[in-house]
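Read the figures in this text as sums done on the coordinates, not as results from a lab. Keep in mind that what you see is a predicted model, and the values were worked out from it rather than measured. Cβ placement follows ideal geometry from the backbone for every residue including glycine, while neighbour counts extend to all protein chains displayed.
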Amino acid sequence: MPPKNEMQQSKPRRERDSVNKNAGWYTAAMYARKLRVEVIVNGERKACPLEWLDAFCMRNFTGSAEFDDTLPITEGQIEASLRVDPSHFARAFEEWLTKRGKGNGQPVRVEIQPEASRS
């Protein structure tokens, strides 16, 4: 029979390992949709910088709870719940970016499209 301290450690370790094995399933996709976000300034189209997406999607910057169900993933990509209307998100994001001068004095256009699914 193992010493008492090994027995006490073995059960929590097994439980912790089973949680770790399942963690990948829970974190594989946070929200239902993956969306591609592009910004257009002076006719130049590019993937939206992650820094801009991060700032906009945080409620303390926007004061709007409606975009709480968004998660910036990388440059030009967010995940969003089905409650988020992509066209409304684009309009609000355009206004927010333009007001903050991200277009260097020019209006910023935002286009959001569903990310192509990977099979």
For Gln77, residues with placed amide H under 5 Å, excluding near neighbours: Val37
Computed over segment 30-114: relative contact order in percent, which uses C-alpha pairs under 8 Å that are six or more apart: 39 percent
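Report, in cubic angstrom per residue, the convex hull volume of the C-alpha atoms of segment 30-114.
Values: hull volume 6.6 nm³, N = 85.
It comes to 78 Å³ per residue, whole-number rounded.
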Segment 30-114 - charge dipole about Cα centre, Lys and Arg +1 at Cβ, Asp and Glu -1, debye rounded to 20: 140 debye
